[in-house]
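Chemist: Input: one structure, supplied below.
FYI, it's all coordinate maths here, none of it is from the lab. None of the values given here were measured: they were computed from a predicted structure. Cβ coordinates were reconstructed from backbone atoms using ideal geometry, including for glycine residues, and neighbour counts include every protein chain displayed.
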Amino acid sequence: MQLKNDLWAFALNFYQQPGVESACLLLQEQFGLSINRIIYAAWCGCEGQSLRVNEALLQADKWQKGITHPLRAVRYAVREQKKSDPALDACYQALRKAELACEQVELALLYEQHQQHLSKDEREGTTLLGYQNIEIYLNSHNVELDSELELILGPILSAINHYLGTNRS
């Protein structure tokens, strides 16, 4: 498994773009969506690839549900407790770091699966393809794209556009 890869580099840059973190967290909290899957869908679009929601994602899903989600639940519990006991901050920070490491493993699993199932049709990455991939992911979770959701996705689409603009120059 290659932890440092193109998807990881994309994720680190993409998540720091204006409005992306808050949009992704909102999609996670309100719709139960995976931030890593949103990032993966966007990255596939930037790579000129259509998102395929299939068995190839099962290993990453298994990791997310079995490792990342339980760790996140522990982190959330410690976050609540540290409000009344600031001495727990070091524990909370260590859990945040561990959760990020779990996210990196999950993205490495997605990257590995992507490399194994790479299609031969070379297309240029586009913001539209990124949007379509995110829509495919939303549909796979029975989330309907409406005007409110499109507003939430705005910063994500802007970040895709920014990435494509800076990487084509």
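Chemist: In percent, how large is the relative contact order of the chain, given Cα pairs closer than 8 Å and 6 or more residues apart?
Modeler: Reported relative contact order: 41 percent.
Chemist: So how tilted is helix 6-15 from the main axis of the chain? Cα-based, degrees 0 to 90, rounded to 10.
Modeler: Taking the Cα atoms of the chain, the angle to 6-15 is about 70 degrees.
Chemist: Taking the 0 to 90 degree range and rounding to the nearest ten, how far is the long axis of helix 69-82 tilted relative to the main principal axis of the chain, both from C-alpha atoms?
Modeler: That helix lies at roughly 40 degrees to the long axis.
Chemist: Just how far, in whole angstrom, is the stretch 1-20 from the stretch 81-118 if you go by their alpha carbon centroids?
Modeler: Here the two parts' Cα centres lie 13 Å apart.
Chemist: Using a/c under 1.5 as the rounded threshold, could you call the stretch 120-166 rounded, prolate or oblate? The axes a ≥ b ≥ c are square roots of the C-alpha gyration tensor eigenvalues, and prolate needs a/b larger than b/c, oblate otherwise.
Modeler: oblate
Chemist: On a 0 to 90 degree scale, rounded to 10, what angle separates helix 127-140 from the longest Cα axis of the chain?
Modeler: Relative to the chain, helix 127-140 is tipped by roughly 60 degrees.
Chemist: Now for a separate question. Please report how many Lys pairs in the stretch 6-168 have alpha carbons closer than 22 angstrom, counting only residues at least 8 apart along the chain or sitting on separate chains.
Modeler: 4
Chemist: Per residue, how much space in cubic angstrom lies within the convex hull of the C-alpha atoms of the stretch 6-168?
Modeler: Once divided by residue count, the hull of the stretch 6-168 is 117 Å³.
Chemist: Taking amide H positions as placed 1.01 Å from N in the peptide plane, with prolines and chain starts having none, which residues 5 or more places from GLY125, or on another chain, fall under 5 Å of its amide H?
Modeler: GLY48
Chemist: Placing unit charges on C-beta atoms (Lys and Arg positive, Asp and Glu negative, everything else neutral), compute the dipole magnitude of the chain about its Cα centre in debye, rounded to 20.
Modeler: Approximately 540 debye in magnitude.
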